[in-house]
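Scroll down for the structure; my scribbles are underneath it.
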Amino acid sequence: MFEGLTAELIDLGAPTFDMQDEMQWWVDGRPLATGPSAMTVLGAGRPLLETAIRRRVAALPNVDIRPETAGTDLLTTPDGTRVIGVRAIAAGEEITIDDASMVVNASGRGSRTRHWLGRLGYPEFEEQRIETQVTYVTRRYRRAPDQLDGRYGTAIAAYPGNTRGGFALAQENDAWALSISGSFGAVPPMDDDDMVAWAGELDCQDVATLLRTCAPLGDPVKMRYPASTRWRYDRMSRFPAGFLVTGDAMCPFNPVYGQGMTVAALEAPILGRLLKDGSDDMAAQFFTESAAFLDVPRITAAANDLRFPDAVGDRSALDPEPGAYLDRLRATAVSDPVLATTFLRVPQLMDTPAALFKPEIAARVPT
Ligand SMILES: Cc1cc2nc3c(=O)[nH]c(=O)nc-3n(C[C@H](O)[C@H](O)[C@H](O)COP(=O)(O)OP(=O)(O)OC[C@H]3O[C@@H](n4cnc5c(N)ncnc54)[C@H](O)[C@@H]3O)c2cc1C
């Protein structure tokens with residue numbers, strides 16, 4: 001979508017590294033086998049990435065960005081069947097925009113769409129929700145290249161029996177982004193000694209060592225993420241014309257799987273094509289097309305979330321047989337780099353879960 005973006009971010013100092021060979025993954029309390037994976041991580045912090053994207057979007061001739069402006073409601077035709085604009089607060093003043101041919105809500109996981117549509121008399125829509133009560137504390141630290149034996153990162157995933165996790169990822173400007181996370185009421189602390197103690201309880205000491213030895217570059221930031229939710233706009237019986245919802249505003253994911261930006265980026269070209277076509281049925285087409293690929297990341301994330309006994313969600317569709325097979329696959333991926341690569345490709349949305357069950361992969365998994 002943004003030609004030259006990767007090169008620009010590398011020029012600005014974002015390191016690139018092999019996701020499996022140059023960082024260490026801990027899954028179910030065990031380190032996955034390392035080896036070349038052909039999956040490249042671009043270690044760009046969110047502000048760097050968003051600034052580069054924003055600059056490119058702002059340069060488009062037909063784009064007008066209004067900063068510090070918050071949409072507060074939808075404006076519709078009197079019968080409520082077509083959205084014609086938004087009400088918004090800009091610099092403390094209420095403004096209205098009422099000449100829109102299409103309003104797209106891309107306001108992220110705090111989206112107010114369901115309240116807005118409810119007020120307009122639209123029926124409640126189906127909500128699929130899995131509660132995991134994830135909390136992250138993230139802080140940037142000064143990085144030296146010889147730390148972690150030259151590796152660029154460590155990811156320590158929570159698993160049933162241990163709801164704590166930790167991440168270290170190399171980023172631009174010789175920085176580490178260090179995160180500690182907890183689920184189901186395990187809330188990571190924010191002061192230095194307690195963060196080190198929390199990370200010290202993880203199965204791998206990399207994050208604790210870096211927290212103890214690196215100089216902080218800013219304050220820690222806490223982020224709470226109570227639940228993954230999928231609002232089934234694709235199943236609504238009535239929906240106003242001239243309006244649609246995308247990205248986290250439609251389906252926010254548990255951030256531990258790192259899927260949300262990829263999903264939003266996959267939805268954008270669908271939206272672009274439909275906007276070019278200009279059909280009045282745009283929302284229905286958009287929701288149907290995105291629902292088709294949303295199933296895969298949702299099922300991948302749900303299957304793992306629901307392994308935790310405290311996760312609140314619908315387990316009726318879970319089949320215990322593949323669960324036991326995947327337990328064995330993860331255990332064997334400690335010594336088999338091919339299994340480790342296959343396992344890592346699925347949450348990265350580079351393969352579907354079907355890749356885990358291919359005969360050549362199943363043959364490597366003990367029965
Ligand atoms: C801790 C954490 C770690 C994550 N890690 C990863 C990761 O490694 N990989 C990955 O792919 N995803 C990750 N995600 C998920 C990812 O951040 C989201 O899925 C992605 O940003 C969704 O993009 P979006 O454009 O839909 O929403 P957002 O990026 O949330 O953007 C929404 C925008 O709308 C604006 N806005 C909100 N309300 C209004 C309003 N009323 N009016 C006007 N503007 C409004 C906001 O200010 C914001 O700029 C992570 C999320 C969290 C919380």
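Taken together, the values in this text are just the output of simple stated rules run on the coordinates, not laboratory data. Keep in mind it's a predicted model, so treat the numbers as computed, not measured. Because the Cβ atoms are built from the backbone with ideal geometry, glycine has one as well, and the counts that use them run over all protein chains shown.
Worth a mention:
- Calculated SAXS-style log₁₀ I(q)/I(0) at q = 0.14 Å⁻¹ - the chain, Debye, Cα scatterers: -1.33
- Contour excess over end-to-end distance, with Cα ends at Arg30 and Glu8 and 0.36 nm allotted per residue: 4.3 nm
- Mean sequence separation of contacting Cα pairs (under 8 Å, at least six apart), scaled by the length of segment 12-104, corresponds to a relative contact order of 17 percent.
- Area projected by the alpha carbon convex hull of segment 41-134, averaged over all directions, nm²: 9.6 nm²
- Stretch gain in nm, segment Asp174-Leu60, where the contour uses 0.36 nm per residue and the Cα spacing is subtracted: 37.8 nm
- Highest average first, the peptides 162-170, 226-234 ordered by how many other beta carbon atoms sit within 10 Å of their residues are 162-170, 226-234.
- Top of Glu131, Glu50, Glu267 by mean-square fluctuation, Gaussian network on the chain, Cα under 10 Å: Glu50
- Estimated inter-spin distance, Gln128 and Gln205, nm [label 7 Å along Cα→Cβ]: 4.3 nm
- Environment charge of Val312, counting only residues whose C-beta is closer than 14 Å and scoring Lys/Arg +1, Asp/Glu -1: -2
- Spin-label proximity, Ser316 to segment 234-278 - amide N less than 18 Å from point 7 Å beyond Cα toward beta carbon: 235
- Distance between the 7 Å Cα→Cβ label points at Arg114 and Leu275: 2.7 nm.
- Met195 sits among other residues whose Cβ lies under 15 Å from its own Cβ, and their net charge, with Lys and Arg +1 and Asp and Glu -1, is -2.
- Distance from the alpha carbon centroid of segment 192-261 to that of segment 267-341 works out to 17 angstrom.
- Percent antiparallel among DSSP beta bridges (both partners in the chain, rounded to 5): 85 percent
- Extension gain (nm, one decimal) between Leu42 and Ile97, 0.36 nm per residue minus Cα-Cα: 16.0 nm
- Helix 320-332 and the longest principal axis of the Cα set of the chain meet at an angle near 50°.
- Amide H partners (placed H, <5 Å) of Val245, local residues excluded: Asn105
- Only helices enter the 222 nm calculation for the chain: every DSSP H run of n ≥ 4 contributes -39,500 (n - 2.57), and dividing by all residues gives -9500 deg cm²/dmol, rounded to 500.
- The simple Förster model, with R0 at 51 Å and r as the Cβ-Cβ distance, assigns Arg232 and Arg212 a FRET efficiency of 0.65.
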